[in-house]
1. Do any helices (runs of 4 or more DSSP H) entirely within the stretch 284-386 hold 3 or more residues that are of a type in the set (Val, Ile, Thr) and over 29 Å from Leu483 (Cβ atoms), and if so, which?
2. Could you figure out which of (1) more than 14 Å from the ligand (Cβ to nearest atom); (2) modelled with pLDDT of 95 or more isn't true of Pro377?
3. All but one of (1) touching a strand residue (DSSP E or B) at 6+ places or on another chain (Cβ under 8 Å); (2) buried (at least 16 other Cβ atoms within 10 Å of the Cβ); (3) closer than 18 Å to Lys203 by Cα hold for Ile122, so report the exception by its number.
4. Output yes when any residue across the stretch 448-458 is within 16 Å of the ligand (Cβ to nearest atom) and either open to solvent by less than 30 Å² (accessible area, probe 1.4 Å) or within 23 Å of the chain's Cα centre (by Cα) (or both), and no when none is.
5. Could you identify the single residue in Asp115, Asp100 that is among the acidic types (Asp, Glu) and assigned to a loop (DSSP other than H, G, I, E, B)?
6. I'd like to check something: does the stretch 192-214 contain any residue that is in contact with a Ser or Thr (Cβ under 9 Å, 6 or more places away or on another chain), surrounded by 24 or more Cβ atoms within 10 Å (Cβ to Cβ) and either in a strand (DSSP E or B) or not assigned by TED's automatic domain parsing to the domain that holds Ala51 (or both)?
7. Working carefully through the options Asp247, Asp252, find the one that is over 21 Å from Gly11 (Cα atoms) and either open to solvent by less than 20 Å² (accessible area, probe 1.4 Å) or within 15 Å of the ligand (Cβ to nearest atom) (or both).
8. Check Ser24, Ser59, Ser28 and return the single one that is closer than 23 Å to Asp204 by Cα and either among the hydroxyl-bearing types (Ser, Thr, Tyr) or exposed (fewer than 13 other Cβ atoms within 10 Å of the Cβ) (or both).
Amino acid sequence: MKGSAPDLKVGLTFDDVLLVPKFSDVRSRKDADTQARFSRRIRLTIPVVSANMDTVTESSMAIAMARLGGIGVIHRFLSVDDEVAEVIKVKRSEGVVIEDPITLGPDGTVKEAWDIIRERDIGGIVVVGQDRRILGLLTRRDITLEEDLDRKVKTVMTPRRELVTAPKGVTLEQARRILHENKVEKLPLVDRNGKLAGLITSKDIMKRRQFPSATKDAKGRLRVAAAVGVKGDHMARSRRLLDAGVDALVVDIAHGHSSYAIDTVRGIKKELGDVEVVAGNVATARGALDLIKAGADSVKVGVGSGSICVTRVVTGSGVPQLTAIMDSAAGASDSDVPIIGDGGIRNPGDVTKALAAGASTVMIGSLFAGTEESPGPTILRDGVRYKLTRGMASLAATLDRRVREGGPGVLTEDELIEELIEESVPEGVEGLIPYKGRVDEVVKQLVGGLRSGMSYSGAHTLDELRRNAEFMRITAAGHRESLPHDIQKVV
Ligand code: XMP
């Protein structure tokens, strides 16, 4: 109304609230079931997603995430070939049956075999003739000490007559027994005509036992998602990623409540058919609803919430993350489309709060950037190991991207960098993060905290957590009291 102050809405984030403890008959943390939905059709055993950032998720992180029961989103700041290769590495990392094993001809050289083994990180190659008839098997062990790299593969492989094989259609238990009894690690499958029809490895069978909650597709392969943009090569990229077996495409731009994002979701759904599409980022009910109407199977929520974001400082725009999740979940409530709470998770308690507020999963960036599985080397400074994390809209990430894509016309790399430094308005920063070891240790802390949090809320499932949640807004004094205080901290 003219002359009066506008009725301002209050935005809250994780540290502004606590969950009020409720009567609980959850007897053990193990009784808290953390099953969640990443998207309309993809289920996870833990509600954890690794972020599509170039310092967080490539194939190693995605493999680790899927083995633990979550999922990773491969970032899009790679060439199409490289992003596709990362997806293929995840899909090939384990499976009940590798349907299309990597092969080499008999006249290939030991050097070619090494190149393939190293590039694909595999233990061996099936050697086939032109008609895919099996001629032999070459394993790392056969060539580890070979000095003549020009030697033909056919002279070092285990030949067909000495190979243990099984018919196509063998059950997993039969395959396990054959591998065990013959003390071999690879079992090529053969069709009626003696042609290669698949491969089962002892490593994959062991992984199945080791990671019983892994996120897998119908063929027993680990699931993986991959990000695409909204301009340029995004449709061709999407097509290639789908051909490589990606389980979900994540249409990801900073301002997802935009005609760009909506048109892209519609376009993918129309042209690429029945594909699982995640879209974002938004921070409002209307934003979530508009993406859902366009066909999104999951909505990513968070504007300026990330640890490396300066969007709110630079643009003045954003919504504190707890309110963003609550509002977006309200926008999605008439559909069966889940919400991903993206960014701002600093403690296990934040995961519980995000899920209680209406998110089905949380996406995590910098908390995972310091782990072994994130891309990039560790950096030693003053005797302490660090890894790098950076916003995807930071100056460094923008420069890398533009240099990779090539400058317009005649600009040299140096001129391009100079121009970008002058023009660019970064919405992200970069920084060092202490090295934390393997990501499963970090996930264990997050999920352990979540299970305890569910127990405090009297919740056996995440749906119950959402229904039972009673948030209490706290003061700065209440927040101070929540942290360790009045002691000299030892650890
Ligand atoms: P955390 O807090 O887990 O957040 O590190 C990860 C999320 O941050 C977002 N992201 C950005 N946001 N500028 C932004 O405003 C950036 O440069 C940037 N890079 C990443 C993204 O949503 C990610 O998942």
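1. In the stretch 284-386, there are no helices (runs of 4 or more DSSP H) which contain 3 or more residues that are of a type in the set (Val, Ile, Thr) and over 29 Å from Leu483 (Cβ atoms).
2. (2)
3. (1)
4. Residues of the stretch 448-458 within 16 Å of the ligand (Cβ to nearest atom): 449-450.
Filter again for either open to solvent by less than 30 Å² (accessible area, probe 1.4 Å) or within 23 Å of the chain's Cα centre (by Cα) (or both), leaving 449-450.
The answer is yes, given that some residue of the stretch 448-458 is within 16 Å of the ligand (Cβ to nearest atom) and either open to solvent by less than 30 Å² (accessible area, probe 1.4 Å) or within 23 Å of the chain's Cα centre (by Cα) (or both).
5. Working: Asp115 fails: assigned to a loop (DSSP other than H, G, I, E, B).
Exactly one residue qualifies, and that residue is Asp100.
6. no
7. Details: Asp247 fails: either open to solvent by less than 20 Å² (accessible area, probe 1.4 Å) or within 15 Å of the ligand (Cβ to nearest atom) (or both).
One residue alone meets the criteria, Asp252.
8. Details: Ser24 fails: closer than 23 Å to Asp204 by Cα; Ser28 fails: closer than 23 Å to Asp204 by Cα.
Answer to the check: Ser59.
The values are calculated or read from the model by the stated rules, or taken from the named source; none is laboratory data. What you see is a predicted model, and the numbers here were worked out from it, not measured in a lab. For neighbour counting, all protein chains shown are included, and Cβ atoms are generated from backbone atoms with ideal geometry for every residue, glycine included. Surface areas here come from the heavy atoms of the whole protein model, side chains and all, with no ligands, DNA or RNA. Shrake-Rupley method; radii C 1.70, N 1.55, O 1.52, S 1.80 Å.
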